[in-house]
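The values are calculated or read from the model by the stated rules, or taken from the named source; none is laboratory data. Every value quoted in this text rests on a predicted model; they were computed, and no experiment measured them. For neighbour counting, all protein chains shown are included, and Cβ atoms are generated from backbone atoms with ideal geometry for every residue, glycine included. For the accessible areas, the whole protein counts, side chains as well, though only heavy atoms, and no ligand, DNA or RNA atoms are used. Shrake-Rupley method; radii C 1.70, N 1.55, O 1.52, S 1.80 Å.
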Amino acid sequence: MYQPFDAFEYVDYLRRRWRVIAAACGVALLLSLGVSLLLPNRYTATASIVIEPPGGNDVRLSTAVSPVYLESLKTYERFATSDTLFARAAERFHLLGNGQSIESLKRRVLKVAKLRDTKILEISVSLADPKTALGLAQYLADETVRASRAESFVSDTDFVAKAQKQTTEAHVRLEQVQHESAILAASAPVESLQSEIDAAVELQGKVQQLLVATDADIAEYQQQAQTGGQFARDQLQATRARAALLRKRSEDLAREIQQKNKTLANRLAKRDQLQTETKLAQSAYEALSNRLHDLEVNTGSHAEQLRVIDPGIVPQRPSSPNIPLNVAVALFLALVSSLAYLSLAFAYRHKSPDFEPAISRGMRS
């Protein structure tokens with residue numbers, strides 16, 4: 001018949017069967033201690049790397065890092081956990097045994113982690129030989145720094161190559177514009193044309209003065225011709241012919257001056273255009289040259305800079321097996337298991353008063 005649960009009865013039941021709990025804990029203690037002592041010792045060496053942001057020497061940039069940026073630095077774990085790098089390290093330190101794969105060895109030996117909310121990357125290596133563990137950790141740390149710098153250098157080299165191409169194109173453009181300016185100055189000079197125009201204007205002025213004087217002579221000879229006289233008529237005719245020649249010469253000079261002024265305006269416009277293009281090409285070339293110089297000087301420093309801040313020491317105590325932890329876990333599991341077993345036995349006893357496990361009867365007696 002079912003009986004209600006009685007806590008005092010349950011505690012008394014456990015007290016009377018303490019030997020079950022003690023036996024379970026004793027067996028767990030002996031087994032965990034024996035297994036821990038039989039397991040080979042493994043030593044863990046740790047090397048630490050600091051990840052400085054670009055321009056890490058600038059205090060303003062160093063204090064401006066955000067949690068998102070710090071979390072993004074976890075990508076640098078890929079450098080240290082590279083299969084290629086670990087394969088080289090395993091070959092260097094003779095870690096591979098018969099039939100052992102690189103992947104399983106790396107999972108068992110290597111641990112890489114960026115500490116939360118810090119710029120510190122830790123590389124931990126666990127091996128049976130403490131000196132080998134330290135050597136492997138230091139080697140992986142140094143190679144991680146070297147790989148990061150090489151990647152940064154390659155990236156910056158691409159930028160330098162692009163900047164070099166742009167600078168070369170700007171220099172070619174500058175030389176082209178300067179060459180066009182030189183050709184224009186040689187084939188279409190402005191100063192000599194301006195001198196020709198000035199001379200033509202001056203000559204036209206003199207022709208106009210002669211034309212005015214000739215017109216005055218014509219008026220005078222007309223008056224004389226009216227009073228009679230063949231000489232006056234002959235002079236009038238000759239003066240009119242001279243005036244016609246002067247007027248035609250003045251008109252020719254005017255057309256010449258107009259044409260040369262038009263030509264001069266075109267040459268000045270072309271010269272001004274080439275001068276403007278030369279200034280723009282010179283400015284572009286100088287700007288690109290300065291940018292190229294800055295890129296060449298700062299090659300490899302535009303990405304994060306990795307630096308080993310703690311190469312680690314030879315570990316003095318084994319990291320595994322952790323005997324106190326193993327024993328504590330075994331005792332805890334034995335205690336929980338024995339209590340669970342006795343609790344089930346107590347529950348069955350309430351359902352069937354005649355039921356009692358053989359172990360409990362033996363321990364109780």
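Simple spin-label estimate for Gln178 and Arg242 gives 5.9 nm between the two label positions (7 Å along the Cα-to-Cβ direction from each Cα). If you wrap the Cα atoms of the chain in a convex hull and average its projected area over all directions, you get 44.2 nm². Tyr10 contributes an accessible area of around 50 Å² to the protein surface, as traced by a 1.4 Å probe with all chains present. Within the full protein context, the accessible area of Arg92 is estimated at about 150 Å² for a probe radius of 1.4 Å. For the chain, the solvent-accessible area of protein heavy atoms averages 63 Å² per residue (probe radius 1.4 Å; ligands and nucleic acids excluded).
Modelled this way, with points 7 Å down the Cα-to-C-beta line, the labels at Leu339 and His94 are 5.2 nm from one another. The residue list Thr118, Val145, Ala133 was ranked by how far each Cα lies along the charge dipole of region 80-154 toward its positive end, using unit charges on Cβ atoms, and Thr118 comes out on top. Accessible area per residue was computed with a 1.4 Å probe on protein heavy atoms; Ile102 scores about 40 Å².
A helix-only calculation puts the chain at -25000 deg cm²/dmol for mean residue ellipticity at 222 nm, using -39500 (n - 2.57) for each DSSP H run of at least four residues, averaged over all residues. Ranking Gln222, Leu210, Ile183 by how far each Cα lies toward the positive end of the dipole of the chain (charges on Cβ) leaves Ile183 at the top.
Rounded to the nearest 20, the Cβ-based charge dipole of the chain about its Cα centre (Lys and Arg +1, Asp and Glu -1) stands at 1820 debye. Spin-label pair Tyr348-Glu169: with each label point 7 Å from Cα along the Cα-Cβ axis, the two points sit 8.7 nm from one another.
How tilted is helix 83-92 with respect to the longest principal axis of the chain? Cα atoms for both, answer in degrees (0 to 90, nearest 10). Rounded to the nearest ten degrees, it is 60. Stretching the chain fully between Val297 and Gln226 yields a gain of 15.8 nm (0.36 nm per residue, less the alpha carbon separation).
On the chain, 59 percent of the accessible area sits on carbon and sulfur atoms, based on a 1.4 Å probe. Candidates Gln275, Leu96, Ala163 compared by Cα position along the dipole of the chain: farthest toward the positive end lies Leu96, with charges placed on Cβ. Rounded to 0.05, the FRET efficiency of the Glu9 and Ala328 pair, given R0 = 30 Å and the Cβ-Cβ distance, is 0.45.
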